[in-house]
Amino acid sequence: MVVASTPDVPEISVEWYQDIVSFAAGTPQPVRWFAGHFTEGAILLLGALLLAAALTRLGGGPRDRALALVAPLSVILAYGSSEALKSLVDQERPCRAVADVVIVASSCPPTGDWSFPSNHATIAGALAAAALLLSRRVGLVALPVAVLGAFSRTFVGVHYPHDVIAGALLGALVAVLVTALLARPGGDLLRRWARRAERPVADALGRPARR
């Protein structure tokens, strides 16, 4: 197979992209149908897994509740980081830049919906990392779903491999950093709120509030 020449894109990523979409085009129709739906559905599944992981923390102490609240925020910030990076790089989608490819996706995203990094892979990486931080059991389920979801973006033909690798790593990194930075102050804030809420009750009952 002749590797297409595309500016500012690693040649090996173009080669892998062509190999993957060529393989995808030759798979049975049920496989292509599943991939076309799973590439979007994986995000919904990962969101449900993060919610399940967060629920395991809500019944705990202030730090556990802070983790449950901060984790979704980290996913939003990861997505924002991905969007900001997209606008800086302005890399065209491979389904538009690479000639003579047949993709599984119903259509190629329009010009201006840039390729690097993959938003889907970024969100998947952030959701899986956040779920793992909240619950190891749930996170170990989320991780392979995230990997498959990210890979599916290349399988259906709308992203280069380096788009999804960078996106997944970006999402996981932002989720871990944001959670690490905000969980402790978030827990302290929840403790202060709990103490303030206890004072009126303690005054009414004639008991000292906890310190």
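Numbers at a glance
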item	result
Selection within region 63-78 - open to solvent by less than 30 Å² (accessible area, probe 1.4 Å) and over 16 Å from the mean Cα position of the chain (by Cα)	ALA66, LEU67, ALA68
Test: VAL21 is under 18 Å from LEU148 (Cα atoms), open to solvent by less than 70 Å² (accessible area, probe 1.4 Å), part of a helix (DSSP H, G or I) and free of Cβ contacts under 8 Å to residues at least 24 places away in the same chain	no
Helices (runs of 4 or more DSSP H) within region 53-170 that include 3 or more residues among the aromatic types (Phe, Trp, Tyr)	none
Counted residues, region 41-62 - those being open to solvent by 60 Å² or more (accessible area, probe 1.4 Å) and free of Cβ contacts under 8 Å to residues at least 60 places away in the same chain	5
Only one of ALA128, ALA183 that is at pLDDT 95 or above and within 20 Å of ALA78 (Cα to Cα)	ALA128
Only one of LEU50, LEU77, LEU67 that is at pLDDT below 90 and closer than 22 Å to LEU181 by Cα	LEU67
Tally of residues being farther than 19 Å from GLY139 by Cβ and touching a Lys or Arg at 6+ places or on another chain (Cβ under 7 Å) across region 51-86	1
Residue satisfying all of: in region 101-131; without any contact (Cβ under 8 Å) to a residue 40 or more places away in the chain and of a type outside the set (S, T, N, Q); least open to solvent (accessible area, probe 1.4 Å) among these	GLY112
Residues located in region 81-96, provided they are farther than 30 Å from VAL176 by Cα and surrounded by fewer than 19 Cβ atoms within 10 Å (Cβ to Cβ)	ARG96
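The values are calculated or read from the model by the stated rules, or taken from the named source; none is laboratory data. Every value quoted in this text rests on a predicted model; they were computed, and no experiment measured them. Heads up, the Cβs are rebuilt from the backbone with ideal geometry, glycines too, and the neighbour counts pull from every protein chain shown. Surface accessibility is based on the protein's heavy atoms, side chains included, excluding ligands, DNA and RNA. Shrake-Rupley method; radii C 1.70, N 1.55, O 1.52, S 1.80 Å.
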